[in-house]
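K.L.:
Dropping the structure in here first, questions after.
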Amino acid sequence: MSGKTIVVLGGGIGGVVVASQLRKQLRREHRVILVEREVNHLFQPSLLWLMTGARTAEAIQRPVARLARRGIELVHGEIEAIDPKLRSVRVAGREIQGDYLVVALGAEYAPETIPGLAEVGHNFYTLAGAQSLRDARANLRHGHLVVLVSGIPFKCPAAPYESAMLLEADLRSRGVRDHVTVDVYTPEPGPMLTAGPEVSAQLRQMVTSKNIQLHTEHAVVKVDPAARLLHFANGATAGFDLLAYIPPHRAPAVVRASGLTGESGWVPVDRNTLETKFPGVYAIGDVTGIPLAIGKPLPKAGVFAHAEAEVVAHNIACAIRGAGTPHGYDGHGECFVEIGDGRAGVGSGNFYAEPKPRVALKPPGRWLHLGKVLYEKYWLYRWF
């Protein structure tokens, strides 16, 4: 049997897992190529800790080059074009063709689509933005702190509420909470509604019990940097002294130009196999759009990217070996919900369940927070 080539695009959670598992499951006559533009892999869930000074940038990053020790071929550079029909990609003028192609390029941030947003706010979904927020919040001693969701969908549905609670705890620890208001503005009708009304109500109560004001159905349309004022589609306005925001998300430009995206703007896939409409081409993680029975898409989160990556790697390996039973992704997932003060809850369940997802949220506790800390350490050790 001649050797096969699998090309994996993106070195985030999904890309790292699928490339590593393929390399583990296939003989060395088969090539596993990972294309990534960044030098370091950033463990993004820990940005919430970095923004409050609980982590350094160095502690939550690992060199992508370490993956080469496993026999993964690394190509460093910007992806210029993807041809899903040929299962090929162009990187810095170099054409790379595979027998299988896995697109794990995540979401592209587009703060520029909201006038004024990037000029005055801190995008804590990026390393630079989380660092600038960390420095700015240390100087906030009075005024208005706003956490803003600037568009939907966005990855990690709990993040805006976690960030607000972590920042609120930071204000208390510095003795300035009585002088700073904390507000969350979101276009969503409620927090984490895809997980169900019960989970949404629990999370809302966690937030509001800390005297954090939650403003739902507030879609921002522009930001006035000079006046430090948010303008919403419903006509409301809100002032701020410190603005932490989640940017609008969209599929990366190179993916949109490839013909892979569908009506939703994301890549449609078979929800069990993660294969696209192009044979031998798979998409996993945030770049996908997977509709659920309730009419909403599967949330974008690293836990789903990880589980999908395991399925895709297993199935490609089975196809190449001509042996083994294919697996299907079943919609299960879980995520921690940090509430500050060294406590966290965890939501888990089956998002593919019908007629609606079956998800439960365990009440916050110190052991669950410790579980998240240990998982961070496990992830960075296990994969790097």
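Rule-based calculations on the coordinates, nothing more; no lab input. The shown structure was predicted, so the numbers you read here are calculated from the model rather than taken from an experiment. Positions of Cβ are backbone-derived with ideal geometry, glycine not excepted, and every protein chain shown enters the neighbour counts.
K.L.:
Determine the calculated [θ] at 222 nm for the chain from helices alone, applying -39500 (n - 2.57) to every DSSP H run no shorter than 4 residues and normalising by the residue count; nearest 500 deg cm²/dmol. Provide the component values of the computation, followed by the final result.
P.N.:
Working: 9 runs with 101 residues, N = 384.
Taken over the chain, the calculation gives -8000 deg cm²/dmol.
K.L.:
Suppose we flag GluC sites (Glu not before Pro) only when DSSP calls them loop and at most 11 other Cβ atoms lie within 10 Å. Which is the longest uninterrupted stretch of the chain?
P.N.:
The reported range is 79-262.
K.L.:
Of all DSSP beta bridges located in the chain, what percent are antiparallel, nearest 5? Don't skip to the end; give the middle numbers.
P.N.:
On the way: 36 of 70 bridges.
Just about 50 percent of them are antiparallel.
K.L.:
For VAL102, enumerate residues with amide H under 5 Å from its amide H, sequence gap 5+ or separate chain, H modeled in the peptide plane.
P.N.:
Placed amide hydrogens put VAL7, VAL8, LEU9, TYR282 under 5 Å from VAL102.
K.L.:
Starting from the Cα gyration tensor of segment 16-129, take the square roots of the eigenvalues, sort them a ≥ b ≥ c, and report rounded, prolate or oblate (rounded when a/c is under 1.5, otherwise prolate if a/b is larger than b/c, else oblate).
P.N.:
Oblate, since a/c reaches 1.5 and b/c is not below a/b.
K.L.:
Would you mind working out the magnitude of the charge dipole of the chain relative to its Cα centre, with +1 at each Lys and Arg C-beta and -1 at each Asp and Glu C-beta, to the nearest 20 Debye?
P.N.:
1060
K.L.:
What is the Cα centroid distance between segment 317-384 and segment 227-266, reported in whole angstrom?
P.N.:
Centre-to-centre distance over Cα atoms comes out at 27 Å.
K.L.:
Okay, next question. Calculate how steeply helix 302-321 sits against the longest principal axis of the alpha-carbon atoms of the chain, using the helix alpha-carbon long axis, and give the answer as 0 to 90 degrees to the nearest 10.
P.N.:
On a 0 to 90 degree scale, this one is about 0.
K.L.:
Still on this structure: Under 1.5 on a/c is rounded, so check that first for segment 198-261, then, if it is not, pick prolate when a/b is larger than b/c and oblate when it is not; a ≥ b ≥ c are the square roots of the alpha carbon gyration tensor eigenvalues. Before the final figure, lay out the partial values.
P.N.:
Details: a/c = 2.57, a/b = 1.35, b/c = 1.91.
It comes out oblate by the Cα gyration axes.
K.L.:
Of PHE384, THR52, GLY15, which is farthest along the charge dipole of the chain in the positive direction, counting Lys and Arg as +1 and Asp and Glu as -1 at C-beta?
P.N.:
Going by the charge dipole, the pick is PHE384.
K.L.:
Okay, moving on. Convert each backbone phi in segment 371-384 into a coupling constant with the Karplus relation 6.51 cos²θ - 1.76 cosθ + 1.60 (shift: θ = phi - 60°), then list the ³J(HN,Hα) values in order as whole Hz, x for Gly and Pro.
P.N.:
x, 5, 4, 5, 5, 4, 5, 4, 4, 5, 7, 5, 9, 10
K.L.:
Please give the helix 197-208 orientation as an angle from the longest Cα principal axis of the chain, in degrees from 0 to 90, rounded to the nearest 10.
P.N.:
The two axes meet at around 50 degrees.
K.L.:
Here's something else I'd like to know. Arrange THR52, THR208, THR186, THR216 by Cβ neighbour counts within 10 Å, fewest through most, would you?
P.N.:
THR208, THR216, THR52, THR186
K.L.:
Applying the Karplus parametrisation 6.51 cos²θ - 1.76 cosθ + 1.60 with θ = phi - 60° to the phi angles of segment 31-42, what ³J(HN,Hα) value in whole Hz is obtained for each residue in order, glycine and proline being reported as x?
P.N.:
9, 10, 10, 10, 9, 8, 8, 8, 6, 10, 7, 9
K.L.:
What ranking of TYR185, TYR381 emerges when the number of other C-beta atoms within 10 Å of each C-beta is taken as an exposure proxy, fewest first?
P.N.:
TYR381, TYR185
K.L.:
What's the extension gain from LEU86 to VAL176 if we count 0.36 nm per residue and subtract their Cα-Cα distance?
P.N.:
Result for the pair: 26.5 nm of gain on full extension.
K.L.:
Still on this model: Quick one: 3J(HN,Hα) in Hz for segment 72-84, Karplus 6.51/-1.76/1.60 with θ = phi - 60°, rounded, Gly and Pro as x.
P.N.:
Working through the residues one at a time gives 7, 7, 9, 10, 9, x, 7, 6, 9, 7, 10, 10, x Hz.
K.L.:
Further question on the same structure: Please report the antiparallel percentage of the DSSP beta bridges confined to segment 110-249, to the nearest 5.
P.N.:
In segment 110-249, DSSP labels about 30 percent of beta bridges as antiparallel.
K.L.:
Mind running the shape call on segment 110-249? Use the C-alpha gyration tensor, a ≥ b ≥ c as the square roots of the eigenvalues: rounded below 1.5 for a/c, prolate if a/b tops b/c, oblate otherwise.
P.N.:
On the way: a/c = 1.44, a/b = 1.05, b/c = 1.37.
The shape class here is rounded.
K.L.:
Can you give the local net charge around THR208? Use residues other than it whose beta-carbon is closer than 14 angstrom to its beta-carbon, Lys and Arg +1, Asp and Glu -1.
P.N.:
Summing Lys/Arg as +1 and Asp/Glu as -1 gives 0.
K.L.:
A further question on this structure: Sort LEU203, LEU171 so the one with the fewest other Cβ atoms within 10 Å of its own Cβ comes first.
P.N.:
LEU171, LEU203
K.L.:
Next up: Pull up all non-local amide H partners of LYS222: gap of 5 or more, or a different chain, and H-to-H distance under 5 Å with H placed in the peptide plane.
P.N.:
Hits under the 5 Å cutoff: HIS231.
K.L.:
Would you please give the residues with an amide H less than 5 Å from that of TYR245, counting only those at least 5 places away or on a separate chain, with H modeled from the backbone geometry?
P.N.:
So TYR245 has HN proximity to HIS122, ASN123, PHE124, LEU148.
K.L.:
Then there is this: Measure up LYS155/LYS356; LYS300/LYS377; LYS210/LYS296; LYS155/LYS210 against 26 Å on the Cα-Cα distance and list the ones that go over.
P.N.:
Distance filter (> 26 Å) returns LYS210/LYS296.
K.L.:
Would you tally the net charge around TYR381, using a Cβ to Cβ cut-off of less than 13 Å, leaving TYR381 out, and scoring K and R as +1, D and E as -1?
P.N.:
+3
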